[in-house]
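Peer 1: I am attaching a structure below and will ask some questions about it afterwards.
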Amino acid sequence: MMGSIRIGTRGSPLALAQARMVATALRDTHDWGPEQIEIVPITTTGDIVRDRPLAEIGGKGLWTKELDACLGDGRTDISVHSMKDVETFRPESLQIAAMLPRASVCDRLIGAESLEALPQGARVGTSSPRRAAQLLARRPDLVIVPIRGNVETRLRKLGKGEADATLLASAGLERLNHPDTGVVLDDFLPAPAQGAVGIEVRASDRRTRSLIAAIDDRATHLCVGAERRLLEGLGGTCRSPIAALARLDGGEIHLRAEIISPDGSEIVRCEERFAAEDTETPLALARALLARASPSLRALFAG
């Protein structure tokens, strides 16, 4: 019998729920007892600083750097991430060894029955450039107000009147037992990797990498990989409004993507079908998006 696996995770309710999902998958796959898995909550800078948008204080790395440090020095054996919060470029010493089956990729509107039902000039709380741009593209009259924190915090802020409505990911709401909260916006293209949970290991730790690979969902891994490859080609940052979704259809991936100006006035869309193992077409799609964008929109990207 092998020793216990220590799972590094953020300490938010959603992150802990996702870590427990990974623990369950490992136990079921390897027939392990509960004593063989330990969940290690780690406080990240992103959890501490909640009064400013991530783009202003360092971007997605604020969710991962403390987890990376614990994994790198052996305090943990794996890290569990919401893949949409993981930087496009990761340290070579670490590797995403598996992803769980993807949950719903949709956003939900909370506070109104539809976007059309929101009153003129309604305040919608979000710190996501992508969500803000998509909202303004449809309702230029809306007022976007920054709102951060975990799911329960955002729901409390909405209840206290800090905004009239907000958008949250369906996956997070479902994982926290809020399956009926909000109205699904299935015509909004999601953030790249939304709804996916990834498990990262030290690249040099072959034994753990093999154990974790046993719970990998191939379709999710391929699709999220294509979306992240698109991000790589775009060179976007936390300030760049990007939406993308890949679906596996037989042996092909269907990838749709859009880049949007912050005020929603310009949207450039592209889509492509390609072989599941093709890593070059997402880069080509990124180039096509940038080529069709205005200079001001293109300036939001470094690709």
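Peer 1: Could you please find all residues in the range 230-245 being of a type in the set (A, V, I, L, M, F, W, C) and either surrounded by 24 or more Cβ atoms within 10 Å (Cβ to Cβ) or not in a loop (DSSP other than H, G, I, E, B) (or both)?
Peer 2: Of everything in the range 230-245, those that are of a type in the set (A, V, I, L, M, F, W, C) and either surrounded by 24 or more Cβ atoms within 10 Å (Cβ to Cβ) or not in a loop (DSSP other than H, G, I, E, B) (or both) turn out to be Leu230, Leu231, Leu234, Ile242, Ala243, Ala244, Leu245.
Peer 1: Same structure, new question: Can you name every residue in the range 170-181 that is in contact with a helix residue (DSSP H, G or I) (Cβ under 7 Å, 6 or more places away or on another chain) and either in a helix (DSSP H, G or I) or at pLDDT 95 or above (or both)?
Peer 2: Answer for the range 170-181, where residues must be in contact with a helix residue (DSSP H, G or I) (Cβ under 7 Å, 6 or more places away or on another chain) and either in a helix (DSSP H, G or I) or at pLDDT 95 or above (or both): Gly172, Leu173, Arg175.
Peer 1: Residue under question is Gly235, and the condition is that it be in contact with a Phe, Trp or Tyr (Cβ under 6 Å, 6 or more places away or on another chain) and either under 20 Å from Leu115 (Cβ atoms) or of a type in the set (Gly, Ala, Ser) (or both); does it hold?
Peer 2: Criteria met by Gly235.
Peer 1: Have a look at Thr220, Thr166 and point out the one that is out of contact with any Pro (no Cβ under 9 Å at 6 or more places or on another chain), at negative phi and hydroxyl-bearing (Ser, Thr, Tyr).
Peer 2: Thr166
Peer 1: Out of (1) more than 23 Å from Glu227 (Cβ to Cβ); (2) in a helix (DSSP H, G or I); (3) charged (D, E, K, R); (4) modelled with pLDDT of 95 or more, the odd one out for Asp141 is which?
Peer 2: (2)
Peer 1: Mind listing just one residue for me: the one in the range 246-275 that is modelled with pLDDT of 95 or more and out of contact with any Lys or Arg (no Cβ under 9 Å at 6 or more places or on another chain) and, of those, surrounded by the fewest Cβ atoms within 10 Å (Cβ to Cβ)?
Peer 2: Ala275
Residue by residue, here is whether (1) over 30 Å from Arg27 (Cα atoms); (2) of a type outside the set (A, V, I, L, M) holds:
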position	(1), (2)
Arg131	yes, yes
Val145	yes, no
Thr153	yes, yes
Leu176	no, no
Gly182	yes, yes
Pro190	yes, yes
Ala196	no, no
Arg206	no, yes
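Peer 1: Please list, ordered by first then second residue, the pairs with beta carbon atoms under 9 Å, 6 or more apart or interchain, first in the range 16-39 and within 23 Å of Leu173 (Cα to Cα), second small (Gly, Ala, Ser) and part of a strand (DSSP E or B).
Peer 2: Correct list of pairs: Gln18/Ser82; Ala19/Gly8; Val22/Ala98; Ala25/Ala98; Ile39/Gly8.
The values are calculated or read from the model by the stated rules, or taken from the named source; none is laboratory data. Nothing here was measured: the structure is a model prediction, and the numbers come from that model. Neighbour counts run over all protein chains shown; Cβ positions are idealised from the backbone, glycine included.
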